[in-house]
1. Report, in degrees rounded to the nearest 10, the 0 to 90 angle that the Cα long axis of helix 400-426 makes with the longest principal axis of the chain.
2. Under the rule of -39500 (n - 2.57) per DSSP H run of 4 or more residues, summed and divided by the residues of the chain, what mean residue ellipticity at 222 nm is obtained, to the nearest 500 deg cm²/dmol?
3. How long are the three semi-axes of the equivalent ellipsoid for the stretch 254-386, computed from the Cα gyration tensor as the root of 5 times each eigenvalue, in whole Å, largest first?
4. Sort Met339, Met147, Met103 so that the residue with the fewest other Cβ atoms within 10 Å of its own Cβ comes first and the one with the most comes last.
5. Could you derive backbone 3J(HN,Hα) for the stretch 461-473 from the dihedral phi with the Karplus parameters 6.51, -1.76 and 1.60 (θ = phi - 60°), listing whole Hz in sequence and x where the residue is Gly or Pro?
6. Compute the distance from the alpha-carbon center of the stretch 329-369 to that of the stretch 277-319, in whole Å.
7. Using DSSP to define loop residues, name the trypsin sites (Lys or Arg not before Pro) in the stretch 156-245 whose beta-carbon has at most 15 other beta-carbon atoms within 10 Å.
8. Long-range amide H contacts for Gln124: which residues qualify at under 5 Å (H placed 1.01 Å from N, peptide plane, sequence gap of 5 or more or a different chain)?
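What follows is calculated from the coordinates using simple rules that are stated; it is not laboratory data. Remember, predicted model here, so these are calculated numbers, not experimental data. Methodologically, a virtual Cβ is constructed for each residue, glycine included, from the backbone with ideal geometry; neighbour enumeration extends over all protein chains shown.
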Amino acid sequence: MDDAIERKLTISHFWVAFSAFILACFMGEYQVLERSGLISALDSPTVYFASVSTHGVLMGFVLTTFFIMGFGYYTATTSLKMPVWNPKLAWCGFWISLLGTVMAAIPLLTGKASVLYTFYLPIQAHVAFYFGAVLLVVGSWIWCGIMLVMFSQWKKAHPKQPVPLAMFATTANALLWLWTSVGVALEVLFQAIPLALGWIDTVDPGLARTLFAWTLHPIVYFWLIPAYIAFYVFVPKQAGGFLFSDEVARAAFIVLAVFGLPIGFHHLYMDPEQASGWKLLHGIGTFVVSLPTLVTGFTVIASLEIAGRLRGGKGLFGWIGSLPWTNSMVLAVILSLLMLILGGFGGVINASYAMNAMIHNTAWVPGHFHLIFAGTTVIMYFAIAYYLWPLLLRKPLFSNSMALIQLWTWFIGMSILTTPWHVLGLLGQPRRISSVVYNTLLTLAWKPYELAMIFGGLILLGSACLFIYNLVKTQLNAAPEEFTQQIEYAEPIHPVKTVPDYLNDFKLWNRVIAVLMAISFGVPILQFFFMDTFGSPAWGY
């Protein structure tokens, strides 16, 4: 199969994603410098919040959405061994999303959309920001549609055969994104845009926060699933072994998609609009969704142990030393799992009502978030890029040793950055502030941790530059006369010839999601239309 179109489509998405990433990294280092108050010339709340908002949107929406779409196109075509369905439509989705990104970037960079990366009305951005966000999401919906069509086409052509795991997981992620993006889409279309255009004078902040909660936490799993795909379909093969269980992997993706959606209210524990019973329901769901993460951790570690023992590892832990630590995919998954363990511990605290009250709206929250997203997830984006870049360009990676150094420095920098953040949260430092204008013994105790964060940020920035440099050098190098490397997907240790329908299709699970969403969000949203509420006027740029 001639995959030139698919390779060009994928690498175009990747370059947009990583361009957003490196720009956001420079902004991140500025933010820890400004927030520390050590350099008075940098003190500017206006610039700080414009930077934070742009950093959040570039990382949380642009990097992730474009990376996931590009990765999805390549895994779909290579795992199914079929060309992308309707390439013109795929390119249309790419350009729509890119147009939306540019449209949203202008008000962000000019300080007219300093709303962080959230949609917490009545804090209002320029209407161009909202139209840009809509276009970005619409472009991603086109990607979702193409993934679903390719999934259905393959199943029709191969009845009763197991859908390749990479495509099964990619389709689960497309469904998850279609479901979770509806919440913020409703908020933007029926509240944010009408308010920004002056069509309405006030909005209900409680309704806005409830709709955004629909999207706010499930989007994390949209970001995370590509990392899990790499865990299951790339890591075992790169380590020299087999996947521990194909069926368990499918179950993990299903539970992640089904129970990752109706759990957003643990972000509203301190909000008065929703009753405690609904918060309890969402809190229980939050603990349930930790199960696929635990299953994934067990399965990946078991797969690594298989590889280590096949490579000659002896004794209880001797297999660990036998793993190919110089393979970027293997190194990345080990570092990713270490950060997932620590970040997951923080997530349990966030989901627990009483403990959440201690760290709510403190620096602990961005510390946890960065450890899970920028740590666990993004380090696997690096590994995927290192693995796919030579396949996309038909050239060897410029420097594997540089890739290994980059992965280690990212891990070290993220550890140095996020550990003080967690401590500062326990010491009461609030989040979403540009600086502290009062001085007490408590605020003086924050200073050493803020210095450590600056150092961690510098390591991360250097690591990010190494990553981009390696990719650019690979692209600029001359292509060899012959390049034979092909994508390799892991095989399960026990070959899978058939799987039950509930592990090979999403019709049943789509209905389950619909019921769970109706239960968990139906009454909490409908109540706003049957009770007296007080609208709030816009506040913004």
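1. 30
2. Mean residue ellipticity, 222 nm, calculated: -23000 deg cm²/dmol.
3. Working through the eigenvalues yields semi-axes of 35, 15, 13 Å.
4. Least crowded to most crowded, the residues run Met103, Met339, Met147.
5. Rounded to whole hertz, the list is 4, x, 5, 4, 5, 4, 4, 5, 4, 4, 5, 5, 4.
6. Answer, in whole Å: 16.
7. Those satisfying the criteria are Lys160.
8. Trp539, Gly540, Tyr541
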